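The values are calculated or read from the model by the stated rules, or taken from the named source; none is laboratory data. Quantities reported herein were computed from a predicted structural model and do not represent experimental measurements. All Cβ positions, glycine included, derive from the backbone under ideal geometry; neighbour counts span all protein chains shown. Ligands, DNA and RNA are stripped out before the accessible areas are found, and what is left, the full protein with its side chains, is counted by its heavy atoms. Shrake-Rupley method; radii C 1.70, N 1.55, O 1.52, S 1.80 Å.
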Amino acid sequence: MAQALALPVAHGLSSSIAIGKGNAHWALMPTYVQLPSSSPKFLGLTVKCARVGGVEVPNNKRIQCSLQYIHGIGRSLSKQILNDLSMENKITKDLSEEELITIRDEVSKYTIEGDLRRFTAMNIRRLKEIQCYRGTRHIAGLPCRGQRTKNNCRTLKGKRVAVAGKKKAPGPR
């Protein structure tokens, strides 16, 4: 940013600047403030996120942790990416633009975000179409990896529904 940035100030502030006799016409005109171009802050706001793989990763965390915000990249894959690039685990905001570009290029080699979601959705749709056991469990909204369903799996089954007329059996006397 070689040029300085000029921004209009709110009318309440500009009217407080123009105090005195005969300066009433200044209250209606917007006042401009010159901001230094070297400061990363913009009226108290800072750039919070770097964009990698179509996702805004947090700036205040280490890059290994930040990469895990991308769907499809976990702890081991983020470690592997950093090892492949032989890059140290710096805080994201301390990375240079060249380092960010190399990270973006490395991340683009993997199946992430929308492509990964589309791939898993197609696999589930295929299982449903061929009516295999896993496909029928997906259709019924039940777990398909062998878990018990008598007491648990409330996430898939939803809220409990009371059955009318069902009473507990009397205990032994």
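Computed values, structure above
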item	result
Protein accessible area in region 37-173, 1.4 Å probe - carbon and sulfur %	51
Radius, Kirkwood style, for region 92-144 when every pair of distinct Cα atoms is counted (Å)	13.8
Backbone N under 16 Å from the C132 label point (7 Å along Cα→Cβ), restricted to region 100-125	120-125
Accessible area of region 76-168 divided out per residue, in Å², using a probe of 1.4 angstrom	80
Cα lying deepest toward the dipole's positive end in region 42-173, options N151, F119, L67, charges on Cβ	N151
Relative packing of peptides 140-149, 51-60, 161-170 - highest average C-beta neighbours within 10 Å first	51-60, 140-149, 161-170
Full-stretch length increase - E113, K167 - with 0.36 nm per residue and alpha-carbon distance subtracted	14.6 nm
Length gained when the stretch N60-N152 is fully extended (0.36 nm per residue, less Cα-Cα span)	29.3 nm
Non-local Lys pairs in region 67-131, i.e. 8 or more apart or on different chains, that have alpha carbons under 27 Å apart	5
